[in-house]
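Novice: A single structure is presented below for examination.
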Amino acid sequence: MEITISEINELLYRLGVTANYTGFFHTSYAIKLCVERQDRLVQVTKMVYPEVAKEYNTNWKAVERNIRTIVGVVWKLNQELLVELARRPLEKRPCTSQFLAILSSYLINRKEETEGN
């Protein structure tokens, strides 16, 4: 199953995140990695952040911080849509790994539903 970066970026735009945040690109690539191999969600710090950091020539701590910024932006601007995508109530702002899990699961489910029809 192939989910493109443009599909991921479109979802981030819907959530209110724009490309003027460095974290936009970090988040987009991190979601792509999680969609490709969902087991990466179990060890985001070891399996996702270093890969993103390598791709963007930075360190994993900067990647985590930038994704956390994106989560904050989404939580502030479009909490309703995030809850809808999560398919469950969110009582507090999700951590970065939960956020990546919500968005990658949504994209995978959407792709399966459209390919199934």
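Novice: Restricted to Cα positions, what overall size does segment 1-63 have along the principal axes? Three whole-Å values, descending.
Specialist: For segment 1-63, the Cα extents along the three principal axes come out at 28, 28, 16 Å.
Novice: Pairs of alpha-carbon atoms within less than 8 angstrom and 6+ residues apart define the contacts here; what relative contact order does segment 9-94 have, in percent?
Specialist: Averaging sequence separation for qualifying contacts and normalising by length gives 32 percent for segment 9-94.
Novice: How about segment 65-117: which GluC sites (Glu not before Pro) there are in a DSSP loop, with at most 10 other Cβ atoms within 10 Å of their Cβ?
Specialist: Numbers: sites: E80, E84, E91, E112, E113, E115; in loops: E91.
Those that pass, being in a loop and sparsely packed, are E91.
Novice: What number does the chain give for Rg over Rh if you use C-alpha atoms and the Kirkwood radius?
Specialist: On the way: Rg = 13.2 Å, Rh = 14.1 Å.
Dividing the radius of gyration by the Kirkwood radius yields 0.94.
Novice: Straight distance only, please: which aspartates and glutamates reach the Cα of K54 with their own Cα at less than 15 Å, same-chain residues fewer than 8 apart left out?
Specialist: Leaving aside aspartates and glutamates fewer than 8 places away in the same chain, those within reach of K54 are E64.
Novice: Another one. Once R0 is set to 25 Å, what does the formula 1/(1 + (r/R0)^6) return for the Cβ-Cβ distance between T4 and D39, expressed as a FRET efficiency to the nearest 0.05?
Specialist: Details: r = 21 Å, r/R0 = 0.85.
The value I calculate is 0.75.
Novice: Express in nm, to one decimal, how much length is gained between R110 and Y21 on full extension, taking 0.36 nm for each residue of separation and deducting their alpha carbon distance.
Specialist: Numbers: separation 89, 0.36 × 89 = 32.04 nm, distance 2.58 nm.
My answer for the length gained is 29.5 nm.
Novice: How would Y13, Y106 rank on accessible area, largest to smallest, probe 1.4 Å? Write out the running numbers ahead of the final one.
Specialist: Values: Y13 115, Y106 40 Å².
Accessible-area ranking of Y13, Y106, largest first: Y13, Y106.
Novice: Counting only heavy atoms of the protein chains, get the accessible area per residue of segment 55-117 (1.4 Å probe) and round it to a whole Å² value. Intermediate values should be presented prior to the final figure.
Specialist: Working: 3910 Å² over 63 residues.
That works out to 62 Å² for each residue.
Novice: Where does each of R37, R87, R110 land when they are ordered by accessible area, with a 1.4 Å probe and the largest first?
Specialist: On the way: R37 100, R87 150, R110 65 Å².
Largest accessible area first, the residues go R87, R37, R110.
Novice: Over the chain, with every protein chain in place, what whole percent of the accessible area is carbon and sulfur at 1.4 Å, could you tell me?
Specialist: Numbers: 3060 of 6620 Å².
Of all accessible area on the chain, carbon and sulfur atoms account for 46 percent.
Novice: Per DSSP helix of 4 or more residues, -39500 (n - 2.57); summed, then divided by the residues of the chain. What does that give at 222 nm, rounded to the nearest 500?
Specialist: Details: 7 runs with 83 residues, N = 117.
That comes out to -22000 deg cm²/dmol.
The values are calculated or read from the model by the stated rules, or taken from the named source; none is laboratory data. From a predicted model like this one, the values you see are computed outputs, not experimental measurements. FYI the Cβ positions are ideal-geometry reconstructions off the backbone, even for glycines, and counts take in every protein chain you see. Areas reflect the complete protein model, heavy atoms only, side chains present, ligands, DNA and RNA absent. Shrake-Rupley method; radii C 1.70, N 1.55, O 1.52, S 1.80 Å.
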